[in-house]
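Okay, so here's the structure we're looking at.
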Amino acid sequence: MLKSFKTRLNLNNKQRTLAASHAGVSRHAWNWGLDICLKAMDAGMKLPTAIDLHKRLVAEVK
């Protein structure tokens with residue numbers, strides 16, 4: 001049996017801005033990884049692992 005909990009965060013303006021920024025960065029990283037995986041599938045290559053994607057993203061950011 002699954003249980004769920006609702007949690008409300010009472011954020012001030014600075015925290016709200018930071019939360020939105022973090023959400024945007026995570027969405028960008030997800031879309032970037034999805035694009036890499038789709039290109040690999042189209043090329044008939046094996047899918048990269050999460051570790052491979054993480055290393056590649058860190059290398060590209062630097």
Checklist entry - Quick one: helix 13-42 against the long Cα principal axis of the chain, what's the angle to the nearest 10°, folded into 0 to 90? => result 20 degrees
Checklist entry - What percentage of the solvent-accessible surface of the chain, computed with a 1.4 Å probe over protein heavy atoms, is contributed by carbon and sulfur atoms? => result 61 percent
Item to check | Kirkwood hydrodynamic radius of the chain, Cα pairs, Å | outcome: 14.5 Å
Item to check | Helix axis angle, 50-61 relative to the chain longest principal axis, alpha carbon, degrees | outcome: 80 degrees
Item to check | Cβ charges +1 (Lys, Arg) and -1 (Asp, Glu), total dipole of the chain, debye | outcome: 420 debye
Next on the checklist: Quick check for the chain: number of Lys pairs with alpha-carbon distance under 24 Å, counting only pairs 8 or more apart or on different chains?
Outcome noted: 4
Checklist entry - Using 1/(1 + (r/R0)^6) with R0 = 30 angstrom and r between the beta carbons of residue 3 and residue 55, what's the FRET efficiency to the nearest 0.05? => result 0.25
Checklist entry - To the nearest 500 deg cm²/dmol, what mean residue ellipticity at 222 nm is calculated for the chain from DSSP H runs of n ≥ 4 alone, each contributing -39,500 (n - 2.57), summed and divided by the residues? => result -23500 deg cm²/dmol
Item to check | Probe 1.4 Å, protein heavy atoms only - accessible area per residue of the chain in square angstrom | outcome: 99 Å²
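The values are calculated or read from the model by the stated rules, or taken from the named source; none is laboratory data. This one's a predicted model, so the numbers in the text were calculated from it and none came from an experiment. Don't worry about glycine lacking a Cβ; one is built from the backbone with ideal geometry, like all the others, and counts go over all protein chains shown. Each accessible area value is taken on the protein alone, full model and side chains, heavy atoms only, with ligands, DNA and RNA left out. Shrake-Rupley method; radii C 1.70, N 1.55, O 1.52, S 1.80 Å.
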